[in-house]
Amino acid sequence: MLKVGLTGGIAAGKSVVGEIFVGLGAHLVQADRIAHSLMQPGEAVYNEVVRHFGREILNPDLSVNRGKLAEVAFGSANGLAGQGASGARQGRIEELNRIVHPAVIRSQEEWMSEMGRQDPHAVAIVEAALILEAGVAKRFGRLIVVTCSAEQRVARFAARQKIDLEGARKEVLRRMAAQLPDEEKIKAADYVIDNSGALDSTREQVGAVWQKLRVEAGQS
């Protein structure tokens, strides 16, 4: 089995690329969905997040309001003033990551092991924004990075969240502050998918990478 990490900055198009790989025959799990399931009421991660970040991050039904949690962890989209505020913000991000990442990583490892048992020649892809930042790139046989231009990133995020471009730009910059720049991700990548152009171009690039992954996984 070939373990593949699929990563990239916010709104680069990781999910689109992942869907194309699945259509070609890959198995895929999304770290974001794992984290979402782990933050359901009653889960150990949920309890720790609420203990550290307060009940103000909860909806009336006691589920986690992910927007409120992001604001507490990342700071408001308008930013925080001063170096001290920036350091405090980074500390809150790291605090959240220390709670969530280990549990997500364990779940990913269990999923990949199960895929390997089901199919020794499977291509098992984990889609996650923070593979490099979390220091888990070496857990994968291959790393794919998805990129796009800064303006496309903002436009896509605005469309996805149904907000104006200025609000999207502030939010993207806020979240990107907790991620490595694309240049660093690309240096670590085995394959790079440029998602700046038309979808057909992205499909063509994914198809070319897929043929290489199939060979590496021992598929006929």
Can you give the relative contact order of segment 119-200 as a percent, counting alpha carbon pairs under 8 Å and 6+ residues apart? 44 percent
Under the Karplus curve 6.51 cos²θ - 1.76 cosθ + 1.60, θ = phi - 60°, whole-Hz ³J(HN,Hα) for segment 35-40, x wherever Gly or Pro sits: 4, 4, 5, 6, 9, 7
Could you list which residues have their amide H under 5 Å from that of Leu58, counting only those 5 or more apart in sequence or on another chain, with H placed in the peptide plane? Asn65
Write down Rg/Rh for segment 103-202, rounded to two decimals, with Rg from the C-alpha atoms and Rh from the Kirkwood relation over Cα pairs. 1.02
Mean separation of Cα pairs under 8 Å and 6+ residues apart, divided by the residue count of the chain: what relative contact order is that in percent? 38 percent
How big is the dipole moment of segment 2-217 about its Cα centre under a simple scheme where the beta carbon of each Lys and Arg is +1, that of each Asp and Glu is -1, and everything else is neutral? Debye, nearest 20, please. 200 debye
Karplus-derived 3J(HN,Hα), 6.51/-1.76/1.60, for each residue of segment 151-167, Hz, glycine and proline x: 5, 5, 4, 5, 4, 5, 5, 4, 5, 5, 8, 6, 10, 6, 5, 5, x
CD proxy at 222 nm, helix term only [per DSSP H run n ≥ 4: -39500 (n - 2.57); per residue of the chain; nearest 500]: -18500 deg cm²/dmol
Treat every Asp and Glu Cβ in segment 148-201 as -1 and every Lys and Arg Cβ as +1, leave all other atoms uncharged, and give the resulting dipole magnitude about the Cα centre to the nearest 20 debye. 320 debye
Note, segment 95-107: 3J(HN,Hα) by Karplus (6.51, -1.76, 1.60, θ = phi - 60°), whole Hz, Gly/Pro = x, goes 4, 5, 4, 5, 7, 8, 4, x, 5, 5, 4, 4, 5
Per the charge dipole of the chain (beta-carbon charges, Lys/Arg positive, Asp/Glu negative, Cα centre), the residue among Ile105, Pro60, Gly8 reaching farthest to the positive end is Pro60
Residue among Ala31, Gln219, Gly207 farthest towards the positive dipole end of the chain, charges placed on Cβ: Ala31
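Each reported figure results from applying straightforward, stated rules to the coordinates on display, with no laboratory input. What you see is a predicted model, and the numbers here were worked out from it, not measured in a lab. Please note: Cβ atoms are built from the backbone with ideal geometry, for glycine as well, and neighbour counts cover all protein chains shown.
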